[in-house]
Each structure stands twice: as structure tokens, then as C-alpha cells.
Amino acid sequence: PSSPTSSISSIPAQNPKPSNNKRSRTVVDVADESEEEEDQGASDQDVETVASTENSKGVHQLTDEQELQKARQTHANRGSASYAYFDPPQLADALDKHRQRMLAYPCKT
């Protein structure tokens, strides 16, 4: 009678080939401007005020009231058929990631 045999391979498992589409990453050390501003006596509130009035490209953003006026004008002009299903926009209590109030478009009842 023959008995079943088992064999154990002593060949180590090979790692899969690395992917050729990996992107290389470059780390760039950038001076922290906030430290320089603190040395010059700028307060956190001053820095926050500048950040809230300019976007990343330095262009002045509209205030909440200006955004609301623009949205109401677009609603009044019926820029899209969708506006017919909503009452005029209003400022919501919720804030977006830039700490500006969001616009709410209430459904018509």
C-alpha cells in the first residue's frame, strides 16, 4: 500500500513585482510664515482677517451679504428652470469651510 506523501518547498515566497506606475514624491521644506508674523507682532486675529478676505490666489472674496444678493439676482432672473421649485435663497446658520455662511434654497410649499 502506498501512503500519500507531502512535500514542503524550501523556496522562499517571492514579492510581487513593484508597479511601474508609482509616482515619485518630492518633499519641499517651506518656511513657516506664521512664525515670521509672530516675530513682527502680528496677532492671530490679524492673520485670520486676511485669510477670511482672500482666497488662495489673493483675490478678494464676496461677503456673505454680497453672495446672498448675487444668488437672489440669479434666482430672480430664473437662470435655470430649477429655480421655479425654490423660494428665494437666504443665509443659513451653517458655515462652510471658509467660515462663510452657506446659502439655503427653501422648497416652495
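Note on Thr109 and Thr63: with the Förster distance fixed at 35 Å, the Cβ-Cβ geometry gives a FRET efficiency of about 0.75. Remark: the Met102-Ala76 segment gains 7.5 nm on full extension, using 0.36 nm per residue and subtracting the alpha carbon distance.
Coordinate-derived values only; no laboratory data. All of these numbers come straight from a predicted model, not from anything done at the bench. Glycine gets a Cβ as well: all are built from the backbone with ideal geometry, and neighbour counts include every protein chain shown.
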